[in-house]
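Okay, structure first, notes after.
Bear in mind that the values in this text are calculations on the coordinates, not laboratory data. As the structure is a prediction and not an experimental result, all values here were calculated from the model. For neighbour counting, all protein chains shown are included, and Cβ atoms are generated from backbone atoms with ideal geometry for every residue, glycine included.
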Amino acid sequence: MSLPPGFLDELRTRLSLTQVVGRKVMWDQRKSNQGKGDMWAPCPFHQEKTASFHVDDRKGFYYCFGCHAKGDAISFVKETENVSFIEAVEILAREAGMTMPARDPRAQEKQNRRTQLAEVMEQAVQFFRLQLNTGAGAAARDYLTRRGLAEPALERWEIGFAPDGWQNLWDHLRGKSVAEDLIMGAGLAKPSTKGGNPYDTFRNRIMFPIRDVRGRCIACGGRAMDPNDNAKYLNSPETDLFDKGRSLYNHGPARTAAGRGQPLIVAEGYMDVIALAEGGFGASVAPLGTAITENQLQLLWRIADEPIIALDGDTAGLRAAMRVIDLALPLLEAGKSLRFALMPEGKDPDDLIRTEGAPAVQAVLDQAIPMVKLLWQRETEGRVFDSPERKAALDKALREKIRLIRDPSIRSHYGQEIKDLRWQLFRPQRGGKKGKWQPRGQWERAKPGAVSTTKASLLASSGEDSQIRMREAVILAATIATPQVVIQFEHEIEKMECRDPDHAALRDVILRHAIDAPEMLQDHIEQILGPEALENLHALRHVAISPCVRRPGDLEAAEMTLAEELAKLSALRGHAAEIAEAREEIAELDDEALTWRVAQAAEERNRASRSENEDKAIFDVADNGARINRDEREAFEAIMAGINFDRKRR
């Protein structure tokens, strides 16, 4: 079967030799440089222990310095799979998502035509470059000078000018005996609807040649000089040479620069790429008049693992970034992602580098954010989440986006990152030295708190403040002993103000981890707050004797403890609030209603203290307010009575 050479070129462009070879070898990570596509491994064609097999991913060739095997992706599959040339091509075509061409006896004719079209494009580039230096190109030269492009830059980028007029290029090429169908086939002219000769595609425009990765001119882009022109920028139509969804402006030079360690930057247009490259950012590319496509993303990832999308600092630039996110999520792989650098408002990379220089651009690139942060920004910016329904809507939208990620490991990490960001939004820092939220979703390790003997002095103290702290400690200890109870009482625990900073830190860690990973809660507390956090809590006597703490995992006991302790805590806080308000009002207001309010608050506190709840038949209340199982208490008293009896006998 005869294959068109263009098909094989396309196949090699789409595939990564590193991925093809990587299925058969184990890379030597110390010797390899994945960012530059310079990979080493023990040779799969002969037995060896050292890494003498070299893959140059950018050039698409491998070579073994031991057995001297060499070739490309097709020859590698052919040798390792023991298949024919056509079978190897079919295997790789399926991997690349390409359809094998049908038998075509005119394949060579098609390739010859592509070669002829490329030659016509080169003649057009030369014509445009000459026109820039004529009188007709004076306005274009002035414009380019104002944009900061000197003569050497114009030469490097082969910038030209298409003069105003209907058939300037057509007449020039026909005068060079170029066939009409080739001029039309290259996209340089369009047929007349009035029966006349075809007319030039580009008129009164500054011209930018577009070259493929091999350096062939495959299309042109034109910037209108007339401000009233309907299309400010115009690209060549798609032809046998040009597929704009599979092409990048400055592809070849950017790949070379990225191989030398420069960051790959994706800008919006020709002038942005030229300005960046002239400013020292040689690994800069741009899509061609459309939003970034899936094929262009794959091309970018072949050049660099983490391209930086540098977009204009306006609404349109942000919208473009959001479209890229939706496109990229299903395509993410381990080590392959995107970062986003948003220019200052109202500026594009060209503006920034001309007005403030390369250091300003570098500063923006250094602050590029990962894709997950921009996804979060899109779903939350400018919105208010002041109701459960709105929070649920946010959760649903984010879950739908995360589900698009095919790689399970990346999907898991995105979920955790979103969870951290959600925590910051809905549970901001509540004061206190401990539990201070850090930007990366971590907590400051708590400094050692007061020793347990000092904490135990709460039992000897009096007043409502000490009682509130005691209740808080019992609630926290109960949730740590039985984390499954948190989901039922999450809202009430979240409302706890926690007068003790240690308690506040514990409360926030519990809320963050108890529901999703109850079995790891104590480990999280020790990692975040240190082991002394649990030691100090459990050293409190009123915590140590709590039944739910002594019986971890007893969900019923934990539910009863939290229900009662939270009710008591609410009553105590209500009484304290009424007293505080009364103190402010009593000097100015002599009102029976005020006295009634205080009395009602006191009665509520007394009812809570008496534990008039459904479980009073099971539990007694100790002097310190802790609940004691009545059966256990009676059994304990019987044991103590037996001990005392034995002592008396002796």
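Here the residues 75, 284, 247, ranked from fewest to most Cβ neighbours within 10 Å of their Cβ, fall in the order 75, 247, 284.
The length gained on full extension between residue 544 and residue 315, counted as 0.36 nm times the residue separation minus their Cα-Cα distance, comes to 76.6 nm.
Distance between the 7 Å Cα→Cβ label points at residue 134 and residue 373: 5.2 nm. For region 244-360, the relative contact order comes to 29 percent (Cα pairs under 8 Å, sequence separation of at least 6). The ranking of 487, 74, 265 by Cβ neighbour count inside 10 Å, starting from the fewest, reads 487, 74, 265. Short-range pairs are left out: with C-alpha atoms under 8 Å and at least six residues apart, the relative contact order of region 5-96 is 22 percent. With the cut-off at under 11 Å, measuring from each backbone N in region 360-404 to a point 7 Å along the Cα-to-Cβ line of residue 515 picks out 392. Checked against a 23 Å cut-off, the cross-linked pairs 24/49; 24/70; 336/401; 347/396 give Cα-Cα distances beyond that limit for 347/396. In this Cβ point-charge picture (+1 for Lys and Arg, -1 for Asp and Glu), region 34-141 has a dipole of about 480 debye about its Cα centre. Cβ crowding within 10 Å, taken as a proxy for footprinting-reagent exposure, orders 281, 127 from fewest neighbours to most as 127, 281. Between residue 67 and residue 179, the FRET efficiency estimated from the beta carbon spacing at R0 = 60 angstrom works out to 0.75. Segment residue 499..residue 24, full-extension length gain: 164.8 nm, with 0.36 nm per residue of separation and the alpha-carbon distance subtracted.
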